[in-house]
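The values are calculated or read from the model by the stated rules, or taken from the named source; none is laboratory data. Bear in mind that the values here come from a model prediction, so they are computed numbers and not experimental data. With ideal geometry, Cβ positions are generated from the backbone for all residues, glycine too; neighbour counts draw on all protein chains shown. What goes into the accessible areas is simple: the full protein's heavy atoms, side chains included, and nothing from ligands, DNA or RNA. Shrake-Rupley method; radii C 1.70, N 1.55, O 1.52, S 1.80 Å.
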Amino acid sequence: MWRIAIKMLMGDRSKYFTLVSSLIVVSFLFLQQGSIFCGLILRTTRPIEVVGAPIWVSDPRLRSVDESKPLLDTDLQRIRSVQGVKWAVPLLLQLVSAHLPDGNYQTVRLYGLDNDTFFGRPRMISGNGQLLTQDQAVIIGRAESEKLNNPKPGQVFEMNDNQARVVGIADVPRDFFSYPFVYASYDRALQYAPQQRKQLNYVLAAPADGLPVSEITRRIRQETGLAAYSEQDFRWLTMDYYMKNTGIPASIGISLAMVFLVGMSIVGQTFYQF
């Protein structure tokens, strides 16, 4: 029976090639649309991945990394006092407007790194990351740097009426919104960001040697009342927010359904003609 079926299938070459090409096109479109969906959703977590912190501590009502719900400055000391926390440093992460020398404005993603350790500083391509200790010093991410007119070390622009001088270019990937990444010391970032009563966004922490991350996040939640996530959990929180609150899943799902219906109808009609 199998031999007869194969002869029937390949006997009419035109129908056979129509069937095979239809299956190839349907499979390609399925993979292409699925890749677009995965790529878009994974890009929403770029601001988390580039930092590389084992533990993220935030306001318990935070829904994604792109929201800004400030903490109290005293929360940093409370987290450091939790037993099993090896270290904890502040992180300011906000969207601010940069004023370029040509008169244009560009929204950038500003990172304010710990003044002493600069934890979260990306890998440098040119310049020296240690120069962040200097006044007005910032590091620019290479991705989307063309929106800042491809600044070189030594060039300047303004954020919140404060001058920023580029001291290096870092290897940073694109995020979901395609904002340029700008890094500064924490104290300097407070001047670049719009003034608020509370400005600390996140506290980054790490467990003591030999302790699991899940145990330390549980202790932080229990003793401080704040939200504490592992890096992976925080990524899933952000991806879940965008999947529930944007049209990405619906639009990609409709595209996949149309591809499936059209492709299967062609394949079905070709099989019926046999």
**Request:** Among the residues of region 208-235, count how many are of a type in the set (D, E, K, R), free of Cβ contacts under 8 Å to residues at least 40 places away in the same chain and surrounded by fewer than 15 Cβ atoms within 10 Å (Cβ to Cβ).
**Result:** 1
**Asked** If you go through region 59-107 one residue at a time, how many are in contact with a Pro (Cβ under 7 Å, 6 or more places away or on another chain) and among the basic types (Lys, Arg)?
**Response** 1
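Among 102, 66, which is part of a loop (DSSP other than H, G, I, E, B) and closer than 30 Å to residue 250 by Cα?
Values: 102 fails: closer than 30 Å to residue 250 by Cα.
From the options 102, 66, the qualifying one is 66.
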**First in region 236-260 and open to solvent by 50 Å² or more (accessible area, probe 1.4 Å), second anywhere and part of a helix (DSSP H, G or I) and not charged (D, E, K, R), Cβ under 7 Å, 6 or more apart** = 243/41; 243/249
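With respect to residue 120, determine if the residue is open to solvent by less than 20 Å² (accessible area, probe 1.4 Å) and under 30 Å from residue 218 (Cβ atoms).
Judged against the criteria, residue 120 is a match.
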**Item:** Complete set of residues in region 138-182 that are touching a Ser or Thr at 6+ places or on another chain (Cβ under 8 Å) and part of a strand (DSSP E or B)
**Value:** 159, 168, 169
**Asked** How many of the residues making up region 189-207 are touching a helix residue (DSSP H, G or I) at 6+ places or on another chain (Cβ under 8 Å) and buried (at least 24 other Cβ atoms within 10 Å of the Cβ)?
**Response** 2
**Prompt:** Applying the selection to region 165-187, what residues are touching a helix residue (DSSP H, G or I) at 6+ places or on another chain (Cβ under 8 Å) and either more than 26 Å from residue 45 (Cβ to Cβ) or acidic (Asp, Glu) (or both)?
**Reply:** 167, 175
